[in-house]
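S.K.: Below is the structure I would like to discuss, written out as structure tokens.
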Amino acid sequence: MTYDIIIIGGGASGLAAGCAAAETGADVLIIEKNHVPGRKILSTGAGKCNFSNFQVSPEHYHPQNPAFLNQTFKALPPAEIAAFFSNLGLLYTRGEHGRLFPRSMKAQDVVNVLVNRLGALGATLLTLTEVLTIKKESNSFLVETVKVAPKWEKKAPAGGKNIYRAGRVILAAGGATYPQIGGSLKGYDLLESFGHSVTAPRPAIAPLKTKEKIVRELDGVRLEALVRLTDGKDKLAETTGELLFTGYGISGPAALDLSRSAVEALAEGPVFAEADFFMDFPAQKFEALLFERVKSFSGRPFSHFACGLLNEKILRAAAELAGIAWQGTLPGVDKISKFGERLKCFRLEITGATGFEDAMVTVGGCALTGIDPSTFASKKVKGLYVTGELLDIDGDSGGYNLHLAWTSGILAGRDAGRGNSV
Ligand SMILES: Cc1cc2nc3c(=O)[nH]c(=O)nc-3n(C[C@H](O)[C@H](O)[C@H](O)COP(=O)(O)OP(=O)(O)OC[C@H]3O[C@@H](n4cnc5c(N)ncnc54)[C@H](O)[C@@H]3O)c2cc1C
């Protein structure tokens, strides 16, 4: 029951911290409440795990704190994260916008290489065990746990409560998003019990809800688009990428990229997302293409004219917005022009973002003033470390959040393993 280091949370930062700490020869225990480690990692990047990015720099993190992150990235340069995974045996590949993925495109492989390494180094991984409290007693920490019943078991598990003791504790309990797979506010309570100040946790990088009912008919449609965020007049932000329609609004990388700007702008007034599904065609060229098509399909139903241009559900929605009957005869050029405008500017009014259940990251958390940027050691409690999403720093969509989880975990694990903070 006594270890050199106890890590609370077997997620991204906890598993990376475990590898780095065990590498120093320390006796490591990782405590995870889920029945498997890295459950959230499995859901990242739609199961493909966008685990890092070639363009990592402080500008991709919020709130902006280059002074803190410059020190972090000096202690562990961004390129070393890809190297860390290569050393674990993971081949990786580069996607759009510098995103890094495992070559197998399977998040499970990211978890497997970490867990394999932990096993090879002799670290102990305890699952279905939840940490309730942590207390510091002279030079060691007492970690109180309770056994958790797996979701498929109704009755309480045998074993009940236990106390584990360690010289150092790494708090890697993650944020509050996706409670269905382990997200909770527990880590913030544990932080506060040690006197760390915590900025109120809020959801971010979340799907957006829209006013228009038409999105219900588009549920499940995915397509590449240039998406502009406007206040109805001026452009507020813009991105390109896959847009996914949901029953209540929009999601997918493009919507998630814009969600932070959308939520901020909503505090000031109305916000619209305008999708251009023909970004490779300037407006005039696109109109010319449609008019040419009108000639070819003269005398035939509108559905024949439209078929093959794009996803049919989008075409039907654009036709409806332009006042064109799908099964009717081909209308005049005015209506065709309107139809084209809808495909170049498919406008939806944003009413808000979804909550912790659907958000990718938690904004807010442990104030960075209480944390050493090179080691992630607490400046308040000797021997305590805080990593990953528990910190009051979150990244853009594109692999930046996992990158910081690995980075903070490795730096904390290395330092704790050397026993520097004790
Ligand atoms: C659907 C989804 C997709 C995402 N996609 C990406 C992506 O592609 N790229 C990217 O960079 N980021 C992505 N993220 C964000 C990224 O997953 C997180 O930022 C990252 O996992 C944070 O790492 P962490 O170690 O802080 O927390 P986590 O990985 O959440 O790990 C924390 C662990 O602690 C455990 N735990 C919590 N409390 C206790 C307790 N009291 N006792 C024991 N165990 C406890 C939890 O069960 C969990 O396993 C995504 C997030 C979601 C929800």
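S.K.: So which pairs qualify, if the first residue must be in the range 91-112 and assigned by TED's automatic domain parsing to the domain that holds LYS40 and more than 20 Å from GLN55 (Cβ to Cβ), the second must be small (Gly, Ala, Ser) and not in a strand (DSSP E or B), the Cβ gap must be under 7 Å, and the two must be at least 6 apart or on different chains?
M.R.: ALA107/GLY45; ALA107/GLY47; VAL111/GLY38
S.K.: With the checklist (1) in the same structural domain as ARG316 (by TED's automatic domain parsing); (2) within 22 Å of the chain's Cα centre (by Cα); (3) in a helix (DSSP H, G or I) in hand, flag the one item TYR188 doesn't pass.
M.R.: Condition not satisfied by TYR188: (1).
S.K.: Would you list the strands (runs of 3 or more DSSP E) that sit entirely within the range 224-333 and hold 3 or more residues that are more than 22 Å from THR362 (Cα to Cα)?
M.R.: So the answer is 235-245, 271-276.
S.K.: Looking at LEU343, LEU289, LEU309, LEU330, which one is aliphatic (A, V, I, L, M), modelled with pLDDT of 95 or more and surrounded by fewer than 17 Cβ atoms within 10 Å (Cβ to Cβ)?
M.R.: Answer to the check: LEU289.
S.K.: Right, something else. Of SER86, SER43, which residue is within 16 Å of the ligand (Cβ to nearest atom), part of a helix (DSSP H, G or I) and farther than 17 Å from PHE376 by Cα?
M.R.: SER43
S.K.: Filter the range 396-418 down to the residues that are modelled with pLDDT under 95 and within 12 Å of the ligand (Cβ to nearest atom) and list them by number.
M.R.: Within the range 396-418, ASP396, SER397, GLY398 meet the criteria.
S.K.: Looking at the range 152-199 only, could you name the residues that are among the β-branched types (Val, Ile, Thr) and either closer than 23 Å to ALA405 by Cα or within 9 Å of the ligand (Cβ to nearest atom) (or both)?
M.R.: VAL169, ILE170, THR177, ILE181, VAL198, THR199
S.K.: Ok, one more. Residue pairs, Cβ under 8 Å, 6 or more apart or interchain, first in the range 336-361 and on the phi > 0 side of the Ramachandran plot and in contact (Cβ under 8 Å) with a residue 12 or more places away in the chain, second in a strand (DSSP E or B) and surrounded by fewer than 22 Cβ atoms within 10 Å (Cβ to Cβ). List them.
M.R.: Qualifying pairs under 8 Å: GLY352/LYS209.
S.K.: Just wondering, is there one or more residues in the range 200-223 that are assigned to a helix (DSSP H, G or I), more than 12 Å from the ligand (Cβ to nearest atom), buried (at least 19 other Cβ atoms within 10 Å of the Cβ) and over 20 Å from the mean Cα position of the chain (by Cα)?
M.R.: Yes, because at least one residue in the range 200-223 is assigned to a helix (DSSP H, G or I), more than 12 Å from the ligand (Cβ to nearest atom), buried (at least 19 other Cβ atoms within 10 Å of the Cβ) and over 20 Å from the mean Cα position of the chain (by Cα).
S.K.: Here's another thing I want to ask about it. Report yes if some residue within the range 65-77 is within 13 Å of the ligand (Cβ to nearest atom) and either assigned to a loop (DSSP other than H, G, I, E, B) or surrounded by fewer than 23 Cβ atoms within 10 Å (Cβ to Cβ) (or both); otherwise report no.
M.R.: no
S.K.: Going by what's in this entry, would ILE30 be described as at pLDDT 95 or above, within 14 Å of the ligand (Cβ to nearest atom) and over 22 Å from the mean Cα position of the chain (by Cα)?
M.R.: Criteria met by ILE30.
S.K.: Inside the range 320-349, can you point out the residues that are among the aliphatic types (A, V, I, L, M) and under 35 Å from the mean Cα position of the chain (by Cα)?
M.R.: Matches in the range 320-349: LEU321, LEU343, LEU348.
S.K.: Taking into account only those residues within the range 34-50 that are aliphatic (A, V, I, L, M) and under 23 Å from THR129 (Cβ atoms), which is nearest to the chain's Cα centre (by Cα)?
M.R.: Ranking the qualifying residues of the range 34-50, first place goes to ILE41.
S.K.: Which of the residues that make up the range 374-412 are among the aliphatic types (A, V, I, L, M) and outside any helix (DSSP H, G or I)?
M.R.: ALA377, VAL381, LEU384, VAL386, LEU391, ILE393
S.K.: Let me ask something else about it. Look through the range 11-27, keep the residues that are away from the ligand (no atom under 14 Å from the Cβ) and aliphatic (A, V, I, L, M), and return whichever of them is surrounded by the fewest Cβ atoms within 10 Å (Cβ to Cβ).
M.R.: In this case the residue turns out to be ALA26.
S.K.: Any chance you could count how many residues in the range 224-254 are surrounded by fewer than 16 Cβ atoms within 10 Å (Cβ to Cβ) and closer than 21 Å to GLU264 by Cα?
M.R.: Residues meeting the conditions: 5.
S.K.: Identify all residues within the range 378-390 that are surrounded by 24 or more Cβ atoms within 10 Å (Cβ to Cβ) and either within 9 Å of the ligand (Cβ to nearest atom) or more than 22 Å from the chain's Cα centre (by Cα) (or both); write none if there are none.
M.R.: Of everything in the range 378-390, those that are surrounded by 24 or more Cβ atoms within 10 Å (Cβ to Cβ) and either within 9 Å of the ligand (Cβ to nearest atom) or more than 22 Å from the chain's Cα centre (by Cα) (or both) turn out to be LEU384, TYR385, THR387, GLY388, GLU389, LEU390.
S.K.: Give me a count of the residues in the range 92-122 that are surrounded by fewer than 16 Cβ atoms within 10 Å (Cβ to Cβ), assigned to a helix (DSSP H, G or I) and over 18 Å from the mean Cα position of the chain (by Cα).
M.R.: Looking only at that region, the number is 3.
S.K.: Counting only residues that are over 28 Å from the mean Cα position of the chain (by Cα) and of a type in the set (Ser, Thr, Tyr), how many does the range 146-185 have?
M.R.: Within the range 146-185, residues that are over 28 Å from the mean Cα position of the chain (by Cα) and of a type in the set (Ser, Thr, Tyr) number 1.
One line per residue, one yes/no per condition, for (1) within 11 Å of the ligand (Cβ to nearest atom); (2) of a type in the set (A, V, I, L, M, F, W, C):
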{"site": "GLN55", "(1), (2)": "no, no"}
{"site": "HIS60", "(1), (2)": "yes, no"}
{"site": "ALA79", "(1), (2)": "no, yes"}
{"site": "LEU90", "(1), (2)": "no, yes"}
{"site": "GLY98", "(1), (2)": "no, no"}
{"site": "PRO102", "(1), (2)": "no, no"}
{"site": "MET105", "(1), (2)": "no, yes"}
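The values are calculated or read from the model by the stated rules, or taken from the named source; none is laboratory data. Treat the numbers as computed from the prediction; the structure is a model and nothing was measured. Neighbour counts run over all protein chains shown; Cβ positions are idealised from the backbone, glycine included.
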